[in-house]
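Here's the structure we're looking at; comments come further down.
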Amino acid sequence: MAEPVIRVVGLGKSYATAAGLFPALKGVDLEVRPGEYIAIMGPSGSGKSTFMNLLGCLDTPSIGDYYLAGENVAHMAKDALAILRNRTLGFVFQGFNLLPRMSLQDNVALPLVYAGADKESRRAAARELLDKVGLGKYAESLPNRISGGQQQRVAIARALVNKPRLILADEPTGNLDSHTSEEIMRLFGELNAEGITIVLVTHEPDIAAHAKRQVKFLDGQIVSDHLTGQAA
Amino acid sequence: MLKAMLSEAWLAMGANRLRTALTMLGMVIGVGAVVIMMAIGQGAQYAVQQTISTMGSNLFIVLSGSFTTAGVRSGSAGAPTLNVADGAAIAELDGVSNVAPTHQGTRQLVYGSQNWSSQVIGTTPEYLDARAWNIVNGAGFGDSDVRSATRVALIGKTVAQNLFGDDDPVGKTMRIQQNPFMVIGVLGSKGQNLDGRDQDDTVIIPLSTAQRKVFGTPFLGSVRMIMVQADSAENMPRVMESVTSLLRQRHRLREGMPDDFFMRNLSAAAESEAETTRTMSILLGAIASISLLVGGIGIMNIMLVSVTERTREIGIRMAIGARQKDILTQFLLEAVMISFAGCLLGLLLGLAIALGINAFTGMVVVISGSAALVAFAVAATVGIFFGWYPARKAAQLDPIEALRYQ
Ligand SMILES: Nc1ncnc2c1ncn2[C@@H]1O[C@H](COP(=O)(O)OP(=O)(O)OP(=O)(O)O)[C@@H](O)[C@H]1O
Ligand SMILES: [Mg+2]
């Protein structure tokens, strides 16, 4: 069997609050293998976003280990984490998080700037991905000129631009209507078919049904983990 | 990478044009002030230096003072206490290189239908040596002219222009106090002296001729002033002392009696004037630097506001892989660009105003490349210094906190 893309062992995160330490995540174990497509579900406040932020190297755990592509990143320095965010994974947010003053093409190309790519290859890669998500003709537009669903496609294109093997998405369809959500999920399905590993969070069973595996959270712990009908 | 960041910094500056412009204005005024103040300060220094170099070096003058006869003190308007023989005696002293007794006053000059009022100096040929004054056209007079009181004159550039216009003055005859004088030479230009007098508005004639024909002194051979040049700056105090004791001895002043002459060290006066302008120009520069500092603080202020406003943007950039140094560079670059652009405009503004001051007031301004270079170095330093703290604040943000910021 292939080495897991993600392996977390006893992962925990506590937040300091006025009432003392609040354990949002209480010792989670999970393995994600290359090519998997996982939907994380669970009620509000169950720790899904906390978990995703740890997986996305945006935050560091209070306890436990996180092996990303075989490397323990739980205690890595800030800049090393930045490089992982840049090269190893792509993160898609609920609120799109595009930079409003930049054209779509520049938004998509931005991770390449931090990767040190030259201008021509940045432009070419951004164009290619905008075409792939069907927005090539809006390359020079600003984000506020296009719809939410289109903005999320651009955000996905941005997540893909450094050719990561892993895409993490925290409620990517949370701000979209059901029709647009379906389109986004179709895009994720295509990406997974190309071999990209996907972990996404959603509240909606319809959305989760697109994934091959469902993991349920409750009170900071995994309470169920099973394959869906999509898993062939 | 740097190119991409530069164009991003440019975009960010363009995103809030008015604010960028106002921030820049602080730098424009600061740098402009520094440039203007340096131009004026260096100009003043240059002017003084110029004057000092035209004055002649290691000079002092002995002036005829009051003397007391039977309890009646006569002022310097009375009979002069110095005479030509005093001058000759001073010339014998060690360390004295030139001695020139002089008698001067303002007289009307007439040539043809032109007339012009000018300073007339009666003196000996040594005067020109002491003042390092050359003759650009014609020749000077000699000791024989002084002995036989010939009516020859050397004229300054201003006199030549006003009296003779385009004509060559050498060989022409002009009148001073009805007496015809032949112009035998034109003096080199010296410009203004320390008091702002035009030194080229001068006529120099032999001392004896001046006393007999022009000033009509009742006491022949006596003079109001003797100019003395020491052979070196170190020898000045010693020479002045020996002149004092020589004159007291010659004038038969007993112990306890006051001097009947006084001395003025021209070179020391010039030096102190130079020192004054140096101090003034440093002071002007310091005052101008304060406005540069204020400009820098303005940049820091705006960068801090900008970092807060763009917290979410910083979070997004970090989420897609910006390292701390990338964020730091981005904000530092913005600060330095504002500072540089402000500096460039300030430089141009400062130059324009300095040239304007020169054109409208005639004040000497010196615009040096080093001043511009200093202004640029300062602007870069100000940008980095005042941009550093906000940029570091941005770079140290936590990605998750920054992303949550609304
Ligand atoms: N920065 C924080 N400081 C303190 N408590 C926090 C912080 N972030 C999250 N929490 C708490 O941790 C718990 C888990 O939050 P988390 O955002 O992971 O939930 P979630 O499963 O993503 O919920 P939702 O479905 O509403 O997005 C919640 O009770 C939340 O209040
Ligand atoms: Mg959440």
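Computed from the Kirkwood radius of its Cα pairs, the Stokes-Einstein diffusion coefficient for region A:72-112 at 25 °C and 0.890 mPa s stands at 206 µm²/s. Between the alpha-carbon centres of region B:153-226 and region B:230-276 there is a gap of 28 Å. Distance between the C-alpha centers of region A:8-50 and region B:353-403? Whole Å please. Here the two parts' Cα centres lie 50 Å apart. For the residues A:Arg153, A:Arg7, a 1.4 Å probe over the protein chains yields an accessible-area ranking, largest first, of A:Arg7, A:Arg153. Take the convex hull of the alpha carbons in the protein assembly as shown; its mean projected area over all directions comes to 46.8 nm².
Summing charges over all other residues whose Cβ lies under 12 Å from the Cβ of B:Gln229, with Lys and Arg as +1 and Asp and Glu as -1, gives -2. Taking 0.36 nm per residue of sequence separation and removing the Cα-Cα distance, the B:Ser289/B:Leu355 pair yields an extension gain of 21.7 nm.
Residues B:Glu271, B:Glu334 ordered from highest to lowest accessible area at a 1.4 Å probe: B:Glu271, B:Glu334. The 3J(HN,Hα) values that the Karplus relation (6.51, -1.76, 1.60; θ = phi - 60°) gives for region A:49-58 are, in residue order, 5, 4, 5, 4, 4, 5, 4, x, 6, 8 Hz. Gly and Pro appear as x. Gain on full extension, evaluated as 0.36 nm per residue between A:Glu140 and A:Leu21 minus their Cα-Cα distance, stands at 38.1 nm.
Ignoring lysines fewer than eight residues from B:Lys3 along the same chain, the ones with Cα atoms less than 16 angstrom from its Cα are A:Lys119, B:Lys325. Distance from a point 7 Å along Cα→Cβ of A:Val9 to each backbone N in region A:17-43: keep the residues under 18 Å and list them by number. From region A:17-43, the list is A:26-33. With viscosity set to 1.306 mPa s at 10 °C, what whole-number translational diffusion coefficient in µm²/s follows for region A:6-231 from Stokes-Einstein and a Kirkwood radius over Cα pairs? Roughly 88 µm²/s, to the nearest whole number. Local charge for A:Thr173 was computed over the other residues whose Cβ lies under 15 Å away, with Lys and Arg +1 and Asp and Glu -1, and equals -4. Potential lengthening of the chain between A:Thr228 and A:Glu190 amounts to 11.9 nm, from the contour at 0.36 nm per residue minus the alpha-carbon distance. One way to sum up the overall shape of chain B is the equivalent ellipsoid from its Cα gyration tensor, whose semi-axes run 68, 25, 15 Å, largest first.
Sorted by accessible area (1.4 Å probe), largest first, how do B:Val31, A:Val223, B:Val84 line up?
Solvent-accessible surface, decreasing: A:Val223, B:Val84, B:Val31.
Debye-formula intensities of region B:250-374, expressed as log10 I(q)/I(0) at q = 0.11, 0.19 Å⁻¹, are -0.68, -1.16 (one equal scatterer per alpha-carbon, no solvent). Peptide A:86-99 shows a mean partner chain C-beta count of 3 within 10 Å per residue C-beta. Surface calculation, 1.4 Å probe, protein heavy atoms: B:Arg317 sits at approximately 10 Å² accessible. If the limit is 27 Å between Cα atoms, which of A:Lys78/A:Lys212; A:Lys13/A:Lys78; A:Lys48/A:Lys78 go over it? From the list (A:Lys78/A:Lys212; A:Lys13/A:Lys78; A:Lys48/A:Lys78), the Cα-Cα distance tops 27 Å for A:Lys78/A:Lys212.
The values are calculated or read from the model by the stated rules, or taken from the named source; none is laboratory data. Note that this is a predicted model, so its numbers are computed, not measured. When we count neighbours, we look across all protein chains shown, and the Cβ atoms used for this are built from the backbone with ideal geometry, even at glycine. Keep in mind that these areas ignore ligands, DNA and RNA; they rest on the heavy atoms of the full protein, side chains included. Shrake-Rupley method; radii C 1.70, N 1.55, O 1.52, S 1.80 Å.
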